[in-house]
Amino acid sequence: MILDSGICRIIARENAGEPGNMPQLADAGVRFEGYYRELSFETSPAWPTERRMERQTDARIRILQCRGIREDDVAALRAFRAEEERRFRITRAYHGTDEENGQPITDLTLREENA
């Protein structure tokens, strides 16, 4: 497993809203920091409909396993060849093993925060 695309920081989110009000997610600290590898993915239209969850995928990455990562945490990615960091919301986290060498990995499906 070669993690050669850049550096990834996973930022935990917590509800900072007042009790009884709508949740307001706020950054709560770094949960993980390490290298990542971009994965291939397929895009499809996201047309939300009533009582049906639609997922939009803007990126997929692989990192060393971190079972503490949760849906709605933030992945801040900085590619080695880029100067700016891009922020994505985690929509899915898969914790498993790398099929090539058996190392524990976490695959993340991401949606760009400003999309």
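Rule-based calculations on the coordinates, nothing more; no lab input. It should be emphasised that the depicted structure is a prediction, and the values quoted were computed from it without experimental measurement. A quick note on method: Cβ atoms are made from the backbone with ideal geometry, for glycine too, and the neighbour counts reach across all protein chains shown.
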If the chain between Glu85 and Thr49 were fully extended at 0.36 nm per residue, the gain over the current Cα-Cα distance would be 9.7 nm
For the chain, the charge dipole (Cβ of Lys, Arg +1; Cβ of Asp, Glu -1; about the Cα centre) points to a positive end, and the Cα of Ala59, Leu39, Met22 closest to that extreme belongs to Met22
Taking R0 as 22 Å and r as the Cβ-Cβ distance between Glu33 and Asp72, the FRET efficiency 1/(1 + (r/R0)^6), rounded to the nearest 0.05, comes to 0.75
Options [x] 58; [y] 69; [z] 51 are given for percent of Cα pairs over 17 Å apart, and the computed one is [x]
For region 66-115, the Kirkwood Rh over every pair of distinct alpha carbons, in Å, works out to 12.1
In nm, the gap between the two label points placed 7 Å beyond Cα toward Cβ at Asn114 and Glu14 is 2.8
